[in-house]
Each structure stands twice: as C-alpha cells, then as structure tokens.
Amino acid sequence: MPVKEPSIINEQKNLKAPKTNNLTTFLYDIFKQPPALPVTKSRDEIKKEYAHWRLRIFYAVFIGYVTFYICKKNIAVVLPVMGTSLGYSNTELGLLGSSLYLTYAILADCSNVRSFLPTALILSAIANICFVASTLFITPGKFTFFGLPSATILLWVLAFFWGCNGWVQSMGFPAIAKSLTFWYSNNERGMKWSFWSTSHQTGTFLSIIISGFVISHFGWKAAFYMPAIFSILVSAFLFDRLRDKPSALGLPDIEEYREPESITACKLENSETDENQSYFEIFKKYILCNKAMWMLAFAYIFVYIIRFGTEDWIVKYLVEVKKNSLATAAWKLSFLPLFGIIGTISAGYFSDKIFKGRRTPINVIFLLGVIFSIIGLKMNASSQTLDFLFLAMIGIFTYGPQMLIGGLCAVESSSKKVASASTGFTGSFGYIGAILSGVGTGTIIDKFGWNGALYFWIASAVICILICLPMWNHKSSCK
C-alpha cells in the first residue's frame with residue numbers, strides 16, 4: 001500500500017544534526033521525529049497493530065499526564081502551610097503559582113513524543129526536588145545579601161525552580177495533542193479527547209489527596225520530593241510504552257485506515273495545498289492568520305483564570321473564610337477535579353450528539369453554570385454538604401470549556417500538521433490567564449479580601465462568554 005509522505009517528514013529527512021559538538025548531536029538524535037516507514041503490511045496486520053498501539057498509547061499518555069499533575073498541583077495544598085512556615089503573603093504565594101505558568105508553551109509537532117514525555121517528567125521531578133531543597137539552604141530571617149533579606153532571596157529562588165517546572169511540563173500537552181490527533185480520526189476524536197482529558201481531573205484529584213496525606217504525616221516538604229520519585233519511575237514506563245506517529249511504525253495515516261470514504265474533495269484539495277508548503281507556512285495559515293484561533297486563545301485566558309483560581313486558592317479560602325481544617329478543605333477541593341471528569345466527558349458528548357460538532361453552545365452553558373456555582377459557594381454560610389456540591393459543580397462546569405476551547409476546538413480549527421502548535425498557541429494564552437490567576441488573585445485578596453477574588457472569577461466567566469458568543473455556529477474546518 002503506497003504512502004504519500006507529507007512535506008514535513010520530507011523536510012526532516014533532509015535536516016542534518018547541528019555540527020557543534022557531540023552533546024548537541026546526541027540531543028538532536030534523541031528528540032528528532034522518526035522517519036516514516038513504507039507500508040508493507042497486509043490489511044489484517046495493520047488492523048491488529050493499530051488496535052494494539054492505539055490502546056497502548058492512549059493509556060500511556062493518560063498515565064503520563066496524570067503524573068504531570070501530581071508534580072504540578074501539589075503546590076495548591078501546600079500553599080497554606082508553606083505560607084505560614086515561611087511567612088509569605090498571598091501576593092508572594094501567588095508569584096510562586098504564576099511562575100509555573102509563565103514558561104508554558106513549547107511546540108512539539110516536529111519532535112518525538114516517545115522522548116518528550118519521559119524527559120519532561122524527569123526534569124519536572126528534578127525541579128520539584130530543587131524547589132524544596134532550596135528551603136534547606138536559605139532560611140528566611142537569617143541573613144541578608146547585598147541588602148536583600150533572605151526571605152526575598154528564597155522567594156525568587158522558589159519562583160525560579162517552580163518556573164523551571166512549568167517550562168519542562170510544557171513539553172507534555174502539545175506532544176500528547178499530537179499523539180491523539182495522529183492516532184485517532186475525526187469521527188472518534190471528540191470522545192477519545194474527552195476521555196483523555198479526564199487525566200487533568202484525575203491527576204489533580206490524586207495530587208490533592210496524596211499531598212494532603214503526605215503533609216499530615218511527613219510534612220509539607222515531602223509533598224514535593226515524593227511525587228518527584230514517582231515521576232522518575234513513570235518516565236521509564238512511558239519510554240517503553242510510547243511511539244511517535246503511525247507512519248514511524250510502517251502504518252498508514254489514521255484517516256486512510258479508518259475513514260477512506262470520508263476524504264472529500266475539500267480535504268484532498270487542502271491536503272495537496274499543504275503538501276507543498278513548509279511547516280511555517282502551514283503554521284501561518286492555520287494559526288497566525290486564523291481568526292477563530294485568536295478568539296479561542298483570548299477566551300482561554302479567562303477559562304484559566306477561573307480554573308487555576310479555584311484550584312490553587314480554594315483550599316486557602318476554605319481555611320481562612322469558612323474556618324475548615326486543612327484536611328477538610330483539601331477533601332472538599334478534591335470534589336472539584338473528581339466531578340470535573342463528568343464535565344469533561346459530557347461536554348464532548350453533548351457537543352457531538354446534540355449540537356452536531358458545534359462547541360460554543362456547550363461552552364456558554366457551562367460558563368453560566370460556573371457563575372451560578374461560585375455565587376452559591378459564596379452565599380452558603382454553614383452547610384458543609386452544599387460546599388461539596390458547589391465545588392463539584394465548579395469542577396463540572398469549568399473542565400468542559402477547558403477541554404474544548406484550548407484543546408479540541410483549537411485542533412479542529414487548525415490542521416493536524418500543526419496540532420501541537422495549535423494547542424501550544426491557545427495554551428500559551430491560557431497560561432497568561434493562569435499568571436493573572438496566581439498573582440492577580442493573591443493581590444486582590446490582599447487588597448479587597450476574598451469577596452474580591454470570587455468576583456474576579458465571576459467577571460472572567462462573563463468576559464469569556466462574550467468572546468465565545470460570535471462563534472455560536474462555528475464548526476470544525478474541513479481539512
């Protein structure tokens with residue numbers, strides 16, 4: 001079965017490793033995208049191998065991204081204890097959270113997924129270890145350096161290492177988006193993406209539960225080095241399980257395998273046009289000059305203000321405002337990602353089945369649900385049960401738009417040849433929102449109290465709705 005190799009692969013075949021030194025060449029060889037192999041297998045062999053590799057790669061990227069979150073969301077539970085232990089204000093603690101998001105958005109279209117994810121997890125583990133180790137060497141109040149108190153020095157050191165953690169974690173999502181795009185076809189990608197996206201909530205849930213247990217038994221510093229050890233073990237598992245695109249295994253493209261009848265004249269025309277373009281020309285066409293992509297990117301800023309605002313600050317809110325114990329607050333917060341799984345799956349399902357591929361109606365409905373849930377949490381003064389309920393609802397209504405706007409909508413509004421770039425593009429804007437959520441929420445709390453933070457999240461939902469409304473009838477592009 002002959003295979004027409006895309007220009008991107010042909011370009012990479014002609015690339016040579018930089019002639020600088022052996023280390024550069026070694027790193028280039030590790031991360032470069034593997035070449036396409038000719039398709040020589042029979043139809044039955046292809047079917048058997050596709051079934052094997054699709055399942056294997058799906059559970060590998062799911063477990064991998066859960067582990068990313070265990071090494072990222074641990075700080076949400078640690079913040080109250082860490083702030084008391086080191087004497088930092090909410091604004092200063094917000095700086096730490098924002099530093100992780102500031103460095104997000106590496107694009108992975110032309111890199112090997114098998115190398116990217118394990119390497120990212122190992123480096124994330126190292127960043128977690130360096131983060132907590134720095135508190136052993138720099139003690140607040142003990143000395144000054146060129147007029148700077150040790151507490152300020154430690155804060156910036158912590159922000160640096162947590163920013164490094166964000167930088168290496170940015171290798172994760174774009175690479176996984178590439179895998180899902182190349183291993184699953186258009187008519188199944190919505191549900192598969194939804195199921196994979198529950199790794200966000202699963203990872204956050206496990207991180208909250210594990211961090212709460214570890215802090216209560218071993219202290220807050222253990223909430224960083226224990227996940228680091230686990231991540232190193234998982235990285236070895238990922239390297240064994242993962243492979244790059246189907247073409248690297250001598251398999252035909254997923255559309256050719258699953259949907260040969262769906263290759264319309266429109267798709268063929270676009271494919272032939274893209275075939276003669278460089279990667280950067282395709283990037284310009286489908287991302288930089290794509291109006292829908294820019295609208296999704298700006299909407300994603302406000303989705304992330306809500307998402308990370310609630311995830312990173314709700315524990316502190318419950319402890320300080322509602323006088324919950326740290327254990328109770330962490331248990332309540334766990335309902336947010338746990339029930340977010342329902343929101344993620346239902347958003348993909350309803351947008352496919354009820355709205356026939358239109359994602360905006362679901363985004364608007366869910367964002368209205370976010371507003372109602374935050375108001376309910378604020379108004380509830382005494383019922384513990386209602387706190388659990390409203391946090392569960394925040395999870396349901398936040399994770400749906402989070403999955404759709406910056407992930408599935410971005411890929412569907414772009415081209416599979418820039419799948420990583422499209423999610424990296426919207427993701428970089430999303431993490432601008434996460435920066436605003438970290439420093440912004442902390443500053444608002446210090447200046448206006450916790451009511452100001454809740455109104456900040458509500459206003460973000462309103463603005464996101466206004467950006468989404470012009471895209472009410474938008475569907476995925478024909479490519």
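The values are calculated or read from the model by the stated rules, or taken from the named source; none is laboratory data. Because the structure is predicted, anything quoted here is derived from the model rather than measured. All Cβ positions, even for glycine, are placed from backbone atoms using ideal geometry, and neighbour counts span all protein chains on display. What goes into the accessible areas is simple: the full protein's heavy atoms, side chains included, and nothing from ligands, DNA or RNA. Shrake-Rupley method; radii C 1.70, N 1.55, O 1.52, S 1.80 Å.
For the range 232-246, the candidate set comprises residues that are part of a helix (DSSP H, G or I) and aliphatic (A, V, I, L, M); within that set, the residue that is farthest from Val132 (Cα to Cα) is Leu238.
So that you can scan it fast, the table gives a plain yes or no per residue for (1) open to solvent by 50 Å² or more (accessible area, probe 1.4 Å); (2) farther than 30 Å from Ala330 by Cβ; (3) touching a Ser or Thr at 6+ places or on another chain (Cβ under 9 Å); (4) in a helix (DSSP H, G or I):
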position	(1), (2), (3), (4)
Trp167	yes, no, yes, yes
Pro174	no, yes, yes, yes
Leu180	no, yes, no, yes
Ser194	no, no, yes, yes
Gln201	no, no, yes, yes
Thr204	no, no, yes, yes
Ile208	no, no, yes, yes
His217	yes, no, no, yes
Phe230	yes, no, yes, yes
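Only one of the numbered conditions (1) open to solvent by less than 10 Å² (accessible area, probe 1.4 Å); (2) more than 17 Å from Ser235 (Cβ to Cβ); (3) at pLDDT 80 or above is not met by Leu121, and that is (2).
Lys322 meets all of the listed conditions (1) assigned to a helix (DSSP H, G or I); (2) modelled with pLDDT of 90 or more; (3) not acidic (Asp, Glu) but one, namely (1). Under the condition of being open to solvent by 80 Å² or more (accessible area, probe 1.4 Å) and among the basic types (Lys, Arg), the residues counted in the range 280-294 number 2.
Remark: pairs (first residue in the range 226-245, modelled with pLDDT under 90; second residue in a loop (DSSP other than H, G, I, E, B); Cβ separation under 7 Å; 6+ apart in sequence or on different chains) = Asp244/Gln33; Asp244/Pro34; Asp244/Asn112. For the range 337-359, filtering for residues that are open to solvent by 10 Å² or more (accessible area, probe 1.4 Å) and within 28 Å of Ala292 (Cβ to Cβ) leaves 14. Summed over the range 364-395, the residues that are within 17 Å of Trp450 (Cβ to Cβ) and hydroxyl-bearing (Ser, Thr, Tyr) give a count of 2.
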